[in-house]
Amino acid sequence: MRLSIVVPCYNEEAVIELFDTRIRETLHALSVDFELCYVDDGSSDRTLDRLRSLAEGREASTRYVSFSRNFGKEAGILAGLKETTGDAVVIMDADLQHPPELIAQMLDLHRTGYDQVIARRTREGDKKLRSAVSRLYYRVINKWVDVELTDGVGDFRLLSRRAVDALLSMPEYNRFSKGLFSWIGFDTVTFDYRNAAREAGETKWRFGALVNYGMDGLISFNNRPLRLAIYMGMLLSAIAVTYAGAITVMAMIEGPQVPGYVTLLVAIVGLGGLQMLMLGLIGEYIGRIYYETKQRPHFLVKETNAPRAFGVSPTEGAASAESPAAAVIPRMEIR
Ligand code: UDP
Ligand code: MG
């Protein structure tokens, strides 16, 4: 059996070598045949240099691909998965927050027949407010989305070859991994682990990015918010008709009532706000359709030592044999 490890790296120069050492130690101890598939997500530091030297002389076990710019972690995972040839694949972060030691446990569970083995981090040691917000978010979102999303479950998991193939068969441009993993199904098992602190470097998540990510989760896997817009519209129309009826009756009984501009103002502002919100929501979906119809590639490759995986014939890449710098593959598009 061959195990592939997919590692998206964005500005990880501080930790990537440590990661490489640790993961090799772990996998050697497990005496499993493995390959490391690094993805440099357009880092602006020396991550790519580090990857080049890590891969040098170990082409069979170490592959890397470097993007032309930062395309985001989702694209990184996708490229990494494309690169893999193993019978099982583990996706993990470069910062050692996903303890390599857990791979042993994942493999054991995989051998008992599971296609997806998920490591769920406990919220132990997190900031109280942050974990309360996440818990609330997941409770709300699971009422709405069509797939099951679980708090603490991230990208750290083992996937069988057929699960990887299933993921790769989904060409959508907006990739919300958490949802995709859940959508493909297969026999899945989850176990808990305690998240480690980042070994070096810093997190790429800012508060705004988290909020956006949360929106993605809500929009990516259902059209219920659109339904909600319809129901809300119906409800408000019903209220308006009733109110108009009541006012007409009142006017007939007591004559016209002039006061009431507050009600009017509240109604106008309230409805205006609601309309904006719904328009924004619809716009969000249309925006997604727009991106899907463009059919752009998920990422562009600047350089790789695994040209075959990205649809380039080996001879084109072979020119690179003498110097790593010549491995640059210009004008290559991947979808
Ligand atoms: N990452 C990436 N592209 C990005 C942002 C992050 O490939 O645009 C990688 C990063 O190098 C790391 C993993 O995704 O291996 C998780 O990122 P990070 O540790 O910053 O997130 P956190 O653990 O704080 O959620
Ligand atoms: Mg991290």
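The values are calculated or read from the model by the stated rules, or taken from the named source; none is laboratory data. This one's a predicted model, so the numbers in the text were calculated from it and none came from an experiment. Every residue, glycine as well, gets a Cβ built from its backbone with ideal geometry; the counts of neighbours run over all protein chains shown. For accessibility, only protein heavy atoms count, side chains too; no ligands or nucleic acids. Shrake-Rupley method; radii C 1.70, N 1.55, O 1.52, S 1.80 Å.
If you take the residues of segment 254-294 that are in contact (Cβ under 8 Å) with a residue 12 or more places away in the chain and under 23 Å from the mean Cα position of the chain (by Cα), which of them is most open to solvent (accessible area, probe 1.4 Å)?
Here the residue is 291.
Among the residues of segment 211-234 satisfying the criterion of being under 13 Å from the mean Cα position of the chain (by Cα) and open to solvent by 60 Å² or more (accessible area, probe 1.4 Å), which is nearest to ligand 2 (Cβ to nearest atom)?
212
Mind checking which residues of segment 154-178 are touching a residue at least 24 places away in the same chain (Cβ under 8 Å), part of a loop (DSSP other than H, G, I, E, B) and more than 16 Å from ligand 1 (Cβ to nearest atom)?
Of everything in segment 154-178, those that are touching a residue at least 24 places away in the same chain (Cβ under 8 Å), part of a loop (DSSP other than H, G, I, E, B) and more than 16 Å from ligand 1 (Cβ to nearest atom) turn out to be 171, 172, 173.
In segment 201-237, how many are within 16 Å of ligand 1 (Cβ to nearest atom) and among the charged types (D, E, K, R)?
Within segment 201-237, residues that are within 16 Å of ligand 1 (Cβ to nearest atom) and among the charged types (D, E, K, R) number 4.
Please return the ranges of helices (runs of 4 or more DSSP H) entirely within segment 209-319 where 3 or more residues are within 30 Å of residue 181 (Cβ to Cβ).
Passing ranges, in order: 224-254, 261-294.
Working only within segment 169-189, note down all residues that are closer than 26 Å to residue 95 by Cα and open to solvent by less than 60 Å² (accessible area, probe 1.4 Å).
174, 175, 176, 177, 178, 179, 180, 181, 182, 189
Can you tell which of 181, 191, 186 is in a loop (DSSP other than H, G, I, E, B) and under 19 Å from residue 110 (Cβ atoms)?
Step by step, each of 181, 191, 186 is checked, and only 186 is in a loop (DSSP other than H, G, I, E, B) and under 19 Å from residue 110 (Cβ atoms).
Residues are listed down the side, and each one gets a yes or a no for (1) farther than 19 Å from residue 140 by Cα; (2) among the basic types (Lys, Arg); (3) under 16 Å from the mean Cα position of the chain (by Cα); (4) away from ligand 2 (no atom under 14 Å from the Cβ):
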| position | (1), (2), (3), (4) |
| --- | --- |
| 184 | yes, no, yes, yes |
| 191 | yes, no, no, yes |
| 195 | yes, no, no, no |
| 204 | yes, yes, yes, no |
| 208 | yes, no, yes, yes |
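Does residue 63 satisfy being without any contact (Cβ under 8 Å) to a residue 60 or more places away in the chain and farther than 25 Å from residue 197 by Cα? Spell out the reasoning first.
Working: without any contact (Cβ under 8 Å) to a residue 60 or more places away in the chain: no; farther than 25 Å from residue 197 by Cα: yes.
No: the conditions fail for residue 63.
Select from segment 190-210 the residues that are open to solvent by less than 70 Å² (accessible area, probe 1.4 Å) and touching a helix residue (DSSP H, G or I) at 6+ places or on another chain (Cβ under 8 Å) and list them in ascending order.
Those that are open to solvent by less than 70 Å² (accessible area, probe 1.4 Å) and touching a helix residue (DSSP H, G or I) at 6+ places or on another chain (Cβ under 8 Å): 191, 193, 200.
Conditions tested, residue by residue: (1) at positive phi; (2) away from ligand 1 (no atom under 13 Å from the Cβ).
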| residue | (1), (2) |
| --- | --- |
| 10 | no, no |
| 34 | no, yes |
| 55 | no, yes |
| 58 | no, yes |
| 70 | no, no |
| 78 | no, no |
| 86 | no, yes |
| 96 | yes, no |
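Could you please let me know if residue 37 is in contact (Cβ under 8 Å) with a residue 60 or more places away in the chain, among the hydrophobic types (A, V, I, L, M, F, W, C) and within 16 Å of ligand 2 (Cβ to nearest atom)?
Against the criterion (in contact (Cβ under 8 Å) with a residue 60 or more places away in the chain, among the hydrophobic types (A, V, I, L, M, F, W, C) and within 16 Å of ligand 2 (Cβ to nearest atom)), residue 37 does not qualify.
Output the qualifying pairs, or none if there are none: Cβ atoms under 8 angstrom, residues six or more apart or on different chains, first residue in segment 221-232 and farther than 16 Å from residue 142 by Cβ and basic (Lys, Arg), second residue at pLDDT 80 or above and surrounded by fewer than 16 Cβ atoms within 10 Å (Cβ to Cβ).
Sorted first by the residue in segment 221-232, then by its partner, the list stays empty.
Against the definition (within 30 Å of residue 173 (Cβ to Cβ) and at pLDDT below 90), how does residue 35 come out, yes or no?
Against the criterion (within 30 Å of residue 173 (Cβ to Cβ) and at pLDDT below 90), residue 35 does not qualify.
All but one of (1) of a type outside the set (Asp, Glu); (2) in contact with a Pro (Cβ under 8 Å, 6 or more places away or on another chain); (3) within 12 Å of ligand 1 (Cβ to nearest atom) hold for residue 134, so report the exception by its number.
Among (1) of a type outside the set (Asp, Glu); (2) in contact with a Pro (Cβ under 8 Å, 6 or more places away or on another chain); (3) within 12 Å of ligand 1 (Cβ to nearest atom), residue 134 violates only (2).
Quick test for you: out of 89, 153, 133, pick the one residue that is within 16 Å of ligand 2 (Cβ to nearest atom) and either within 19 Å of residue 183 (Cβ to Cβ) or out of contact with any strand residue (DSSP E or B) (no Cβ under 8 Å at 6 or more places or on another chain) (or both). Can you show your working first?
Details: 89 fails: within 16 Å of ligand 2 (Cβ to nearest atom); 133 fails: within 16 Å of ligand 2 (Cβ to nearest atom).
Step by step, each of 89, 153, 133 is checked, and only 153 is within 16 Å of ligand 2 (Cβ to nearest atom) and either within 19 Å of residue 183 (Cβ to Cβ) or out of contact with any strand residue (DSSP E or B) (no Cβ under 8 Å at 6 or more places or on another chain) (or both).
Residues that are over 19 Å from the mean Cα position of the chain (by Cα), under 15 Å from residue 3 (Cβ atoms) and among the charged types (D, E, K, R): does segment 70-84 have at least one?
No, because not a single residue in segment 70-84 is over 19 Å from the mean Cα position of the chain (by Cα), under 15 Å from residue 3 (Cβ atoms) and among the charged types (D, E, K, R).
Just give me the residues in segment 152-168 being modelled with pLDDT under 85 and open to solvent by less than 20 Å² (accessible area, probe 1.4 Å), in sequence order.
Listed by number, the residues that qualify are 152, 153.
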